[in-house]
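The values are calculated or read from the model by the stated rules, or taken from the named source; none is laboratory data. Not measured: the values here are computed from a predicted model. Here the Cβ is made from the backbone with ideal geometry for all residues, glycine too, and neighbour counts use every protein chain on show.
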Amino acid sequence: MFNGQEQTILGGLVIIYFLFLFGVSLYINHKSIKTYDDYNVAGRSVSIFPLILTFVGTAVGGSTLLGFMENGYKFGMGQQWLNFGLLLAGIIMLFFFVKKIRGYGEKYNMVTIADFTVLRFGEGARFPTVLSILIAYSAITGMQFVAIATILNLTIGLSITAGIIISWILLTLKTYFGGMKSVIWQDAFHGTIQTIGIFILFVVVIAVSGGWENISQSAAAINEGTHLSIFTISPKEVFVYLLTIGAYQFVRQDLWQRFWAAKNLKTATRGYWISITLAFLTGFFVIVIGVAGKYGLQMGEINPTLSYYEIIANVFNFPMVVVMIIALLATVISTADSFFMAGASSIVNDLIRPRLKVQDDKKLLFFSRMSVLFVSVFALLLALYIPQLVNLWVTGTAMLVSSLLAPVIFGLFWKGATKAGGAWAMWIGLIIAVGWQLAGHPFGIHPVFIGLPVSTVLVLVISLLTSEKNSVRTPEGEHI
């Protein structure tokens, strides 16, 4: 795709960009990270502008830009259901969840979802919550390693395996030193770049394609006009997206942490509202770009996995291609470090911190950074095991949804949910989903279609059977 000289230039710029981000992380580490809360929830003082962009930067990652565009190129506009699922979940989250999540976080100084599940369902909920978070977030972090590896493969000719390992090293170092403060401020920078870059690409591709009417005519000419309809997707596939990528928004630890990191509830709700709108528009544009690339640009037979690179090379000169590669890097990195922090904070906050006799900030900071290293290794192994972007995303979210979605929702909205009901639902939902995944989806049934219903039934039935024995009270003795 790129000649030797262009590969050298791109490779050099990629290295310089990573060194710049690493330098920013070191600077923030030296100037701003003094306490455990600084490292894990940015001191709970983030203002509206960086909050909006860190929401967007985290929501729009490598799977969105590369995976959505690839799926749009291969399957057409029906892939917008991935995007609709995210928007619907975001709206429900905004109107019914954010205030409750923020309230619990402020009252009990929460850092992770396990802080909530342990408060609500007791110590028996701690380990299944942490395990679910680690599996999901390591998978999604690994997904970003794959995305960066693809960039390195095209820019400097590295193999995908070597690229995964190099991206693992670079992102681990950056996150290790910077913590959540670095993540949020770099996300503000990355979110700006990626949003502007994707919008420019959308406008240019539509213009070069001759408009939507020309795209429609080209698709009809090769008997693929139906690919421009959003209804060319099976109901089963729609429900898989809704119950994994969509439903997982309710138990996204990185989202909960940003609600708690905002300086107040108004900032959290306003920032989230603007961000879900921007994220939806970005996802919509990306899928349309994939569709327009196939039917409007008429590039011939290409590898759909490389559709982003082929499209930018088709419509831009080399200097603009460089800009779009940087926009892609910004997109991937802004998601990877956020998920790093979400997984790592579960280890230090939920497994290590409760067992420390002396909980000084210096010791907690040390264990926070060690947790980043642990998550990075687990994510690396998953990236090497499942190197397909959307598959890795759906796999990780299915584990999280199957285990946590039902107990968390019932815990937030139903006082009758008991300790036994919540804990058993988490364990059984997770075990079934993981087992079904490892078994290779028997009978063609996705794990979420088994794990989530079982978890939902269990939390209801066991709570009703144990309502007198397992009433839930807060540390202050308050019944919730």
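Structure summary
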{"item": "Where a residue in the range 462-473 is modelled with pLDDT under 60 and its partner, wherever it lies, is aromatic (Phe, Trp, Tyr) and surrounded by 15 or more Cβ atoms within 10 Å (Cβ to Cβ), with Cβ under 8 Å and at least six apart", "result": "472/121"}
{"item": "Selection status of residue 195, touching a residue at least 60 places away in the same chain (Cβ under 8 Å) and either within 23 Å of the chain's Cα centre (by Cα) or surrounded by 17 or more Cβ atoms within 10 Å (Cβ to Cβ) (or both)", "result": "yes"}
{"item": "Hits in the range 309-339 - residues which are among the small types (Gly, Ala, Ser) and either at pLDDT below 85 or in contact with a Ser or Thr (Cβ under 8 Å, 6 or more places away or on another chain) (or both)", "result": "327, 330, 334, 336, 338"}
{"item": "Residue in the range 229-250 that is over 30 Å from residue 448 (Cα atoms), in contact with a helix residue (DSSP H, G or I) (Cβ under 6 Å, 6 or more places away or on another chain) and buried (at least 17 other Cβ atoms within 10 Å of the Cβ) present", "result": "no"}
{"item": "Positions within the range 313-368 being more than 20 Å from residue 129 (Cα to Cα), assigned to a helix (DSSP H, G or I) and not hydrophobic (A, V, I, L, M, F, W, C), in sequence order", "result": "314, 319, 331, 334, 335, 337, 361, 362, 363"}
{"item": "Residue count, the range 254-268 (criterion: in contact with a Leu (Cβ under 9 Å, 6 or more places away or on another chain) and either at pLDDT below 85 or surrounded by 24 or more Cβ atoms within 10 Å (Cβ to Cβ) (or both))", "result": "5"}
{"item": "The one condition in (1) touching an Asp or Glu at 6+ places or on another chain (Cβ under 7 Å); (2) surrounded by fewer than 24 Cβ atoms within 10 Å (Cβ to Cβ) that residue 91 fails to fulfil", "result": "(1)"}
{"item": "Residue within the range 437-445 that is more than 20 Å from residue 126 (Cβ to Cβ), of a type outside the set (A, V, I, L, M, F, W, C), in contact (Cβ under 8 Å) with a residue 40 or more places away in the chain and in a loop (DSSP other than H, G, I, E, B) present", "result": "no"}
{"item": "Some residue of the range 44-62 being modelled with pLDDT under 70, part of a helix (DSSP H, G or I), out of contact with any His (no Cβ under 6 Å at 6 or more places or on another chain) and surrounded by fewer than 23 Cβ atoms within 10 Å (Cβ to Cβ)", "result": "yes"}
{"item": "Sole residue being surrounded by fewer than 24 Cβ atoms within 10 Å (Cβ to Cβ), in contact with a helix residue (DSSP H, G or I) (Cβ under 6 Å, 6 or more places away or on another chain) and farther than 30 Å from residue 424 by Cα, chosen from 171, 154", "result": "154"}
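Quick grid of which residues meet (1) over 20 Å from the mean Cα position of the chain (by Cα); (2) under 30 Å from residue 100 (Cα atoms); (3) surrounded by 23 or more Cβ atoms within 10 Å (Cβ to Cβ); (4) of a type outside the set (A, V, I, L, M, F, W, C):
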site	(1), (2), (3), (4)
286	no, no, yes, no
294	yes, no, yes, yes
303	yes, no, no, yes
320	yes, no, no, no
336	no, yes, yes, no
340	no, yes, yes, no
